[in-house]
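One structure below.
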Amino acid sequence: MEYRILNNLSDEELSSLFTSVFSSSEGEQEGRLIGGLASQLAARVDDQEVICLGAYQDGSIIGAIFFTRLRFDEPVDTYMLSPVAVSTAHQGSRVGQALINFGLQELKRRSVSVVVTYGDPLYYSKVGFHALSEDVIQAPLDLSMPEGWLGQSLSGEAIPELKGRPVCVSEFDNPDYW
Ligand SMILES: CC(C)(COP(=O)(O)OP(=O)(O)OC[C@H]1O[C@@H](n2cnc3c(N)ncnc32)[C@H](O)[C@@H]1OP(=O)(O)O)[C@@H](O)C(=O)NCCC(=O)NCCS
């Protein structure tokens, strides 16, 4: 297995990975929604605002994750992890955790302070995320499942309280994802 930061990637490859993974797990409509999101994010990867990392086996992509920047008034380097997909055939073999840990190490190397995500606390707690109160860090849009709002500090210090709603990349500025 090989884990890589993706710079020159094909939107179609990523969109088809996310569409098929989410169609299998959440149904076709969700598959189309998240496949479309992955395709938009892939088109904007610049390794700064939008970072994409992939897991490869025998030259084929079998998993991918995105980190996108959240901007606050304060200059605290913060990213959001989402979405995450591991191909159905390779799920449950630790590919997802290894890929996320690879990404977190890369962000730590870049001195990023905080990473947040929005998803299943049972899964993301395996890679260091904890429940995050919106009194500490607000989500960019209203959350339909506040218990899925999660965060972790990469700096070794507690997560700082950040005032105000952050601005997410425009691709996530859609209530359907929240
Ligand atoms: C969720 C997902 C990324 C996990 O990747 P993975 O490589 O299959 O998972 P790993 O092998 O790293 O981790 C397996 C562990 O996580 C648990 N797990 C896997 N998917 C889970 C889920 N959706 N919810 C809760 N726990 C989950 C497993 O029970 C297993 O637990 P164990 O370590 O105690 O045995 C992958 O299954 C996937 O792409 N699912 C469909 C899309 C999705 O739900 N994406 C996440 C939301 S953005």
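Read the figures in this text as sums done on the coordinates, not as results from a lab. None of these values were measured; they are calculated from a predicted model. Backbone-built Cβ (ideal geometry, glycine too); neighbour counts: all protein chains shown.
Here the Karplus curve 6.51 cos²θ - 1.76 cosθ + 1.60, taken at θ = phi - 60°, turns the phi angles of the stretch 140-157 into couplings of x, 10, 5, 8, 7, 10, x, 5, x, 7, 9, x, 8, 8, 9, 8, x, 9 Hz, with x standing for Gly and Pro.
Remark: the stretch 39-157 carries a charge dipole of roughly 440 debye about the Cα centre, counting +1 on each Lys and Arg Cβ and -1 on each Asp and Glu Cβ. Taking the chain as the reference, fit the longest principal axis to its C-alpha atoms, fit the long axis of helix 95-109 to the helix C-alpha atoms, and give the angle between the two in degrees, 0 to 90, nearest 10. Orientation of helix 95-109: about 50 degrees from the principal axis.
First check a/c for the stretch 1-132, with a ≥ b ≥ c the square roots of the eigenvalues of its C-alpha gyration tensor; if it is under 1.5, answer rounded, and if not, answer prolate when a/b is larger than b/c or oblate otherwise. The partial results should precede the final answer.
Details: a/c = 1.43, a/b = 1.35, b/c = 1.05.
The shape class here is rounded.
Ordering G164, L33, L154 by Cα displacement along the dipole of the stretch 2-177 toward the positive end leaves L154 in first place; charges were set at the Cβ atoms of Lys, Arg (+1) and Asp, Glu (-1).
Loop-resident trypsin sites (Lys or Arg not before Pro) (DSSP state other than H, G, I, E or B) in the stretch 5-96 with no more than 16 further Cβ atoms inside 10 Å of their Cβ: R44, R94.
Express in nm, to one decimal, how much length is gained between Q97 and R71 on full extension, taking 0.36 nm for each residue of separation and deducting their alpha carbon distance.
Numbers: separation 26, 0.36 × 26 = 9.36 nm, distance 2.60 nm.
Here the answer is 6.8 nm.
Could you work out how far helix 28-43 tilts from the main Cα principal axis of the chain, as a 0 to 90 degree angle to the nearest 10? Helix 28-43 sits roughly 80 degrees off the main axis of the chain.
Taking amide H positions as modeled 1.01 Å from N, with prolines and chain starts lacking one, the residues under 5 Å from D47 and 5 or more places away or on another chain are C52. Considering only P140, L107, C52, and ranking their Cα positions along the charge dipole of the chain that arises from unit charges at the beta-carbon of Lys, Arg, Asp and Glu, the one farthest toward the positive end is L107.
Contact order for the chain, expressed relative to its length and based on alpha carbon pairs under 8 Å spaced 6+ residues apart, stands at 19 percent.
Close amide H pairs (under 5 Å, H built 1.01 Å from N) link L70 with T78, Y79, M80, residues at least 5 positions away or on another chain. Computing FRET efficiency as 1/(1 + (r/R0)^6) for S144 and S60, where r is the C-beta to C-beta distance and R0 is 45 Å, gives about 0.85.
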